[in-house]
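*Asks:* What follows is a single structure, and I will ask about it in a moment.
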Ligand SMILES: [Zn+2]
Ligand SMILES: [Zn+2]
């Protein structure tokens, strides 16, 4: 082991012990060992216990640990504390810039057991009220966590979208006359991606935007590197301009999509086509949007000329599912409403957390009354824009909703979501949702699996049973547009549409900035082939009113 590795082991041990509130003197001595060994001028691994003990500042206890580290690669004490600490919490501990004292509060008081859960909690302003935290600490932590997540090799679409487009423009400017475009997963707008993929007709000059890691002119991608801006992985594919269309088609499709395409059109030669449109023309197909090239289902639809007209961001008419300072949002109700109106939406359906969500300042009945009063006042002021009275009602363990029927009946509509006890088995979790779906007051099922992309899988549910029940009870399913959720997963949209279940693209905004998440929901919904007719949040206010009269 190098001195640095030995030193880091002591730091890790000190962190773990501090996390578990162990003896401060021991912790201090391990921290000192870290500082000392890190800068020790000669390699300690070459010394035996006797020699180590004589060194200034390294006593008996530390020297025997150095020997143990050298022999076993770890320490028994480290293993002991590791066993007492969930894996995700150990990972949080590794995020640079968060000390063990803070990690302990986040773990014990907030219940955060992974980096993703913590990041999500930041986005929902859960840290503001924690002891020793505040808005500034929360924002700071959010940046550190996002950076850490990104460095792990997979990216959220929302995390690299802007950088990808900036990079594309820079490369185009630096390489005039060359065709350069996004390709692969980022062109398909996949929710989770391996990085930025780019196709160029020729070998583009990459300086000073990309730090090259690997270059090989014979294989694809020809270059693998990192952006200098954010360190995002970049893959550059190169081709002749005479085959740009063929290659763009090839790299944009997923393997499944491509496999079916090749099988169906094996008699045809798609090489050396300059434009992608030529590929489709040759196959006798209408152009298939890149978003639809993840799922071969849409290739079948294209061959029957039955491709859906896809929902667009401009097609969303109202902001459904948002929080204000009444529960855990950052902006006031009025600020939220004004922003929605400014952005051109016709209505805001405000849905605070319900009373069981004590961690999110959920609303008791008296505060509901108070909010309704304010809504009535604002509606007079803001007309024809309208705020609708909703709630994000917790689905309790047994599947029941969080208020008496008499209260539920007063909402314009109810969104029912699971927020607690996420670790149920499939059978139980499905039953819990089915009960909530059967409740006559449920209009929208919120984020059906509770997943957080790149960090929490979400509880296992029987998607088909849930969608079937929604069809039977006329419940709309949310596609939560928060880029960490995108839940319902788009792959289930075709089945939902087949059953006649509408999808609502909801930002779940906790601030005015969060309203913009709607577009990520739209991107995901397009991948599943959602059309404006089947999109609930594409209803105009007039249509929504008519709908609400119908369901009441
Ligand atoms: Zn929720
Ligand atoms: Zn919510």
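No value in this document is a laboratory result; all are computed from the given coordinates. Since the model is a prediction, treat every value here as computed from it, not as a measurement. As a convention, Cβ positions derive from the backbone with ideal geometry for all residues, glycine included, and neighbour counts pool all protein chains shown.
*Asks:* Dividing the convex hull volume of the alpha carbon atoms of segment 93-234 by its residue count, what do you get in Å³ per residue?
*Replies:* 118
*Asks:* Estimate the FRET efficiency between residue 152 and residue 405 by the formula 1/(1 + (r/R0)^6), using the beta-carbon distance for r and 35 Å for R0, to the nearest 0.05.
*Replies:* With R0 = 35 Å, the Cβ-Cβ based efficiency is 0.15.
*Asks:* Report, as a whole number in µm² per second, the diffusion coefficient that Stokes-Einstein gives for segment 316-551 at 20 °C and 1.002 mPa s using the Kirkwood radius over alpha carbon pairs.
*Replies:* Stokes-Einstein gives a translational diffusion coefficient of 123 µm²/s.
*Asks:* Would you mind getting the Kirkwood hydrodynamic radius of segment 252-301 from its Cα pairs, rounded to one decimal in Å?
*Replies:* The Cα-based Kirkwood calculation yields 11.1 Å.
*Asks:* Moving on to the next point. If R₀ is 45 angstrom, what is the calculated FRET efficiency for the pair residue 254 and residue 20, using the beta carbon separation as r and rounding to 0.05?
*Replies:* Approximately 0.50, to the nearest 0.05.
*Asks:* Ranked from highest to lowest mean number of other Cβ atoms within 10 Å per residue, what is the order of the peptides 200-210, 74-84, 534-544, 350-360?
*Replies:* 350-360, 534-544, 200-210, 74-84
*Asks:* If R₀ is 22 angstrom, what is the calculated FRET efficiency for the pair residue 545 and residue 314, using the beta carbon separation as r and rounding to 0.05?
*Replies:* 0.55
*Asks:* Would you please classify the overall shape of segment 88-147 from the alpha carbon gyration tensor, given that a ≥ b ≥ c denote the square roots of the eigenvalues, rounded means a/c under 1.5, and beyond that prolate means a/b larger than b/c while oblate covers the rest?
*Replies:* rounded
*Asks:* Let me ask something else about it. May I ask you to compute the full-extension gain from residue 304 to residue 438, defined as 0.36 nm times their residue separation minus their alpha-carbon distance, rounded to one decimal in nm?
*Replies:* Once the chain is fully extended between residue 304 and residue 438, it gains 44.6 nm.
*Asks:* Now for a separate question. Which shape class, rounded, prolate or oblate, goes with the chain when its Cα gyration tensor gives a ≥ b ≥ c as root eigenvalues, a/c under 1.5 marks rounded, and past that a/b bigger than b/c marks prolate?
*Replies:* oblate
*Asks:* Rank-order 309-319, 277-287 by packing density, defined as the average count of other C-beta atoms within 10 Å over each peptide's residues, highest first.
*Replies:* Going by the mean number of other Cβ atoms within 10 Å, highest first, we get 309-319, 277-287.
*Asks:* Which of rounded, prolate or oblate describes segment 22-177 when judged by the alpha-carbon gyration tensor and an a/c cut-off of 1.5?
*Replies:* Here segment 22-177 falls in the oblate category.
*Asks:* Moving on. Report the extension gain between residue 267 and residue 473 in nm, rounded to one decimal, defined as 0.36 nm multiplied by the number of residues separating them, less their alpha carbon distance.
*Replies:* In short, 69.4 nm is gained.
*Asks:* Packing-wise, with mean Cβ within 10 Å as the measure, how do 466-478, 40-52, 397-409 rank, highest first?
*Replies:* Put in order of decreasing packing, that is 466-478, 397-409, 40-52.
*Asks:* Below 8 Å between Cα atoms, with a sequence gap of 6+, how large is the relative contact order for the chain in percent?
*Replies:* Across the chain, relative contact order equals 10 percent.
*Asks:* What distance in nm separates the simple spin-label points at residue 228 and residue 131, each placed 7 Å from Cα in the Cβ direction?
*Replies:* The answer from the label model is 4.8 nm.
*Asks:* Full-extension gain between residue 207 and residue 32, please, as 0.36 nm times their residue separation minus the C-alpha to C-alpha distance.
*Replies:* 58.7 nm
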